[in-house]
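K.L.:
Next up is a structure, given as structure tokens.
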Amino acid sequence: MTLAGCSDGNSYIAPEESNNTPLAENTAPTFLKKGDKVALLSPAYTTTEDVVQTTADILKDWGYKPVIGKSVGKVEAGKYAGTAEDRAKDFEEALKDTSIKAILCNRGGYGTIQLVDLIDPKLVKKNPKWVIGYSDVTTLHAMQTKAGVMSIHGTMSSSMAKSEGKDINSTLLRDLLKGEVPTYKVPKHKYNQKGKAEGILVGGNMATFVPLIGASDIDVFRNDGIILFMEEIGENLRNIDRMFNSIQLHGVMENVKGVILGEFVDSGTDLDYESTEAMLSQYLKEYNIPVMCGFPAGHDDINVPIVMGAKVNMEVTDKGATLSFNIKGKEKNVETDKLTAITKLSKALLKMFAGKTFNVEE
């Protein structure tokens with residue numbers, strides 16, 4: 001923002017200008033084959049040894065060789081998997097290792113924003129590989145997209161270990177990593193807005209990506225031609241309202257061609273709205289863009305993998321919606337209303353994975 005002086009001696013803050021440069025289509029890392037190595041890293045909060053080992057066994061069953069990061073299992077400040085330098089070094093070493101084809105994050109929580117200035121973006125661009133995770137890993141997705149490399153918003157070790165990799169989120173991720181690219185068919189929703197759009201998919205957890213807007217090294221939100229995906233857990237409605245208004249004030253919506261609203265888990269009832277979608281729709285209806293509600297990605301039981309930084313096509317009609325990715329691979333149609341979860345995670349566990357507080361009753 002720029003401070004500008006007025007003739008009467010007062011000053012005001014001029015609004016930030018949006019970057020109207022279109023966001024370029026990203027490079028898709030190579031899909032995995034049997035024998036490839038997958039790094040298990042903890043870029044944010046620490047993870048227990050049994051969770052990491054269970055996930056390593058799952059990867060072995062899938063035909064891959066797990067490589068556990070050196071900082072995994074460390075504890076810093078009671079929460080982090082080592083210092084920011086430890087975690088960033090793990091990430092850079094995994095990038096430099098040409099035998100490692102993907103990086104699976106163990107969990108979110110908080111801490112990936114600390115790594116942004118510690119990871120060389122040239123390494124990301126030079127060594128394209130799939131980075132997988134959600135929640136606080138949203139920061140790494142922005143970093144990957146800004147460097148021109150696609151990544152996967154999807155399940156992590158903390159969730160995979162619960163079902164030993166047999167839940168739908170894990171199996172869809174497994175299939176995507178080997179080249180089966182999903183086209184999602186989503187049921188109609190009360191607050192959908194009809195239309196078609198094409199653009200580069202960005203976004204993720206709102207509390208994680210909103211602070212990135214205006215951060216030049218990883219700000220992919222003020223480039224033109226984006227499809228904005230949003231999800232959240234454990235935030236009350238006024239905080240979600242505040243974050244969306246921040247998105248608008250930064251000029252992001254001027255560049256958005258379509259919006260995908262994922263899962264909003266335990267959003268609270270502090271404002272008198274039927275749902276989070278009902279609240280957000282009062283803003284989104286002002287824009288002549290398609291809006292897809294109820295997409296099953298985020299912190300709920302069903303968290304399907306989506307490819308961040310990919311060019312996507314979305315279409316919303318009276319009958320429902322579709323989301324497809326412009327990626328070379330074997331197309332796989334997925335009807336999301338037919339997906340079922342093996343296990344029901346408690347709200348307390350879901351919040352714990354997201355680094356939120358929770359009540360004992362949960």
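The values are calculated or read from the model by the stated rules, or taken from the named source; none is laboratory data. If you're wondering where the values come from, they're calculated on a predicted model, not measured in any experiment. Neighbour counts run over all protein chains shown; Cβ positions are idealised from the backbone, glycine included. Calculation scope for accessible area: heavy atoms of the full protein, side chains included, ligands and nucleic acids excluded. Shrake-Rupley method; radii C 1.70, N 1.55, O 1.52, S 1.80 Å.
K.L.:
In region 24-44, what count of residues is obtained for those that are under 27 Å from residue 110 (Cα atoms) and touching a helix residue (DSSP H, G or I) at 6+ places or on another chain (Cβ under 8 Å)?
P.N.:
Going through region 24-44 one residue at a time, the tally reaches 8.
K.L.:
Does region 10-36 hold any residues that are open to solvent by 90 Å² or more (accessible area, probe 1.4 Å), in a strand (DSSP E or B) and at pLDDT 95 or above, and which are they?
P.N.:
Passing the criteria: none in range.
K.L.:
Sort out which residues of region 46-84 are under 24 Å from the mean Cα position of the chain (by Cα), small (Gly, Ala, Ser) and assigned to a loop (DSSP other than H, G, I, E, B), and write them in order of number.
P.N.:
Within region 46-84, 69, 71, 73, 81, 82 qualify.
K.L.:
Then there is this: Pick from region 98-114 the residues that are closer than 15 Å to residue 72 by Cβ and not polar (S, T, N, Q): which of them is farthest from the chain's Cα centre (by Cα)?
P.N.:
For region 98-114, the residue satisfying everything is 100.
K.L.:
Within region 237-275, work out how many residues are among the β-branched types (Val, Ile, Thr), outside any loop (DSSP other than H, G, I, E, B) and open to solvent by 10 Å² or more (accessible area, probe 1.4 Å).
P.N.:
Adding up the residues that qualify gives 1.
K.L.:
Modelled with pLDDT of 95 or more and of a type in the set (Ser, Thr, Tyr): is that true of residue 208 in this structure?
P.N.:
yes
K.L.:
Sticking with this one: Among the residues of region 137-181, how many are open to solvent by 10 Å² or more (accessible area, probe 1.4 Å), touching a Ser or Thr at 6+ places or on another chain (Cβ under 7 Å) and farther than 23 Å from residue 34 by Cβ?
P.N.:
2
K.L.:
Among the residues of region 202-236 satisfying the criterion of being farther than 19 Å from residue 296 by Cα and among the aliphatic types (A, V, I, L, M), which is surrounded by the most Cβ atoms within 10 Å (Cβ to Cβ)?
P.N.:
220
K.L.:
Now for a different question. How about region 188-197: which of its residues are in a strand (DSSP E or B), surrounded by 15 or more Cβ atoms within 10 Å (Cβ to Cβ) and at negative phi?
P.N.:
Selection gives 193, 197.
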